[in-house]
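Presented below is the structure to which this report refers.
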Amino acid sequence: MIGNLIRANRQTVQLPEPVLLREFGDGAMYELAQRYEDQYTEIIWPERMRRFQQQTEGNFVGVGVLIRQDEKRDIVVVNPLEGSPAYRAGVKSEDRIVTVDGVSTLGWSLNRAVDTITGPRGKVVVLGLRRGESEDIIEVPIVRDTIKIRSVNGWWKT
């Protein structure tokens, strides 16, 4: 079927092949979700591959914070991961990340924040944080490192 589609495209409108394949794939996923109520099947496109690998491998390079957006769309720390560079640097739950390397996060999407805060291992990223009701910005330099996400935390009891 895809071969027929590519052939017909070459003979008619001549869309770039990656565009054609993307639309075909997205359409197929839509049909699976709508007609067959399949919410588990997904195509992992190249721009999402890095995040997919982070989720499945359980590690990534970054500072080790879980973040969310609040109702004002501010980037807020849910919590620093125990033992992570952010945890050791003193980042706290509910800190608002207002700058990254001196650039305001105003209007940033969560994806942009994640992409900017994560980066090469060993490189410093400076988070500008607002804590509580204070308007002061606390600049926290953090060295990015490999973050291992444990699915279970615990201890041995003997």
Please compute the contact order of the stretch 84-158 in relative form: average sequence separation of alpha-carbon pairs under 8 Å and at least six residues apart, divided by the residue count, as a percent. 33
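Averaging sequence separations of C-alpha pairs under 8 Å and six or more residues apart, then dividing by the length of the chain, give the relative contact order as a whole percent.
Values: 216 pairs, mean separation 29.9, N = 158.
Contact order relative to length: 19 percent.
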Read-out log10 I(q)/I(0) by the Debye sum over Cα atoms at q = 0.10, 0.16 Å⁻¹, candidates (i) -0.33, -0.86; (ii) -0.55, -0.94; (iii) -0.43, -1.14; calculated match is (ii)
Measure nothing fancy, just the Cα-based angle from helix 17-35's long axis to the longest principal axis of the chain, in degrees from 0 to 90, nearest 10. 80
What accessible area per residue, rounded to a whole number of Å², is obtained for the chain using a probe radius of 1.4 Å? 71
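For the stretch 36-127, run through the GluC sites (Glu not before Pro) and keep only the ones in DSSP coil with at most 13 other Cβ atoms within 10 Å of their Cβ.
Numbers: sites: GLU37, GLU42, GLU47, GLU57, GLU71, GLU82, GLU94; in loops: GLU37, GLU42, GLU71, GLU82, GLU94.
Of the GluC sites (Glu not before Pro), the ones in loops of the stretch 36-127 whose Cβ has at most 13 other Cβ atoms within 10 Å are GLU37, GLU42, GLU71, GLU82, GLU94.
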Within the accessible area of the chain (1.4 Å probe), percent carbon and sulfur: 54
Farthest toward the dipole's positive end in the chain, which of VAL125, THR41, ILE137, given Cβ charges of +1 (Lys, Arg) and -1 (Asp, Glu) about the Cα centre? VAL125
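Which is the longest part of the chain that has none of the chymotrypsin sites (Phe, Trp or Tyr not before Pro) sitting in a DSSP loop with at most 14 other Cβ atoms within 10 Å? Show your work: numbers first, answer last.
Details: sites that count: TYR36, TYR40, TRP155, TRP156.
Longest run free of exposed loop sites: 41-154.
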Calculate how large, on average over all directions, the projected area of the Cα convex hull of the stretch 71-118 is; give the answer in nm² to one decimal. 3.4
Mean residue ellipticity (222 nm) of the chain, computed from DSSP H runs ≥ 4 via -39,500 (n - 2.57), nearest 500: -9500 deg cm²/dmol
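The values are calculated or read from the model by the stated rules, or taken from the named source; none is laboratory data. All values derive from a computational prediction rather than experimental measurement. We place every Cβ from the backbone using ideal geometry, glycine too, and count neighbours over all the protein chains shown. Areas reflect the complete protein model, heavy atoms only, side chains present, ligands, DNA and RNA absent. Shrake-Rupley method; radii C 1.70, N 1.55, O 1.52, S 1.80 Å.
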